[in-house]
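Below: the structure, in structure tokens.
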Amino acid sequence: MKTTNAARSPRLETVLMVERFIKKTSGTYKRRSLWERLPKRVMYQTYKVIIDYLEEGGKIAIDREGHIAWVWDPEGVKYYLSRKDLEPKILRRRRGKA
């Protein structure tokens, strides 16, 4: 993620608003048109910081055409983390099971 000055650091409330809007409209809008349709006004530079943060965190994906889609699935993650047969390779190596 790119470093920014304090003037462009988003508030948590703003990040959550963008997250909710992307979840609701997943795959419908491209970057600029999504920004224009947000429920509240956000500076474009701040919005870009939020999009970069969500993309690097694996919560959103941007397709070849530029559409933004919500991809984070916390229930799926919990399911796979709870399965013993899908233990990550790094843990198996530490336990001598590699």
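The values are calculated or read from the model by the stated rules, or taken from the named source; none is laboratory data. Computed from a prediction, not measured in an experiment: that's the story for all the values here. A quick note on method: Cβ atoms are made from the backbone with ideal geometry, for glycine too, and the neighbour counts reach across all protein chains shown.
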- Query: Mind checking whether some residue in the range 77-95 is farther than 18 Å from I22 by Cβ, surrounded by 12 or more Cβ atoms within 10 Å (Cβ to Cβ) and either at pLDDT below 95 or of a type outside the set (V, I, T) (or both)?
  - Reply: yes
- Message: As an exercise: evaluate K23 against (1) of a type outside the set (A, V, I, L, M, F, W, C); (2) more than 15 Å from the chain's Cα centre (by Cα); (3) modelled with pLDDT of 95 or more and give the number of the one condition it does not meet.
- Response: (2)
- Query: Quick one: in the range 8-57, which of the residues that are in contact with a Ser or Thr (Cβ under 7 Å, 6 or more places away or on another chain) and in a loop (DSSP other than H, G, I, E, B) is nearest to W72 (Cα to Cα)?
  - Reply: P10
- What are the residue pairs meeting all of these: first residue in the range 22-51, first residue closer than 15 Å to V71 by Cα, second residue surrounded by 15 or more Cβ atoms within 10 Å (Cβ to Cβ) and of a type in the set (G, A, S), Cβ atoms under 8 Å, and 6 or more apart or on different chains? I22/A69; S26/A69; G27/A69
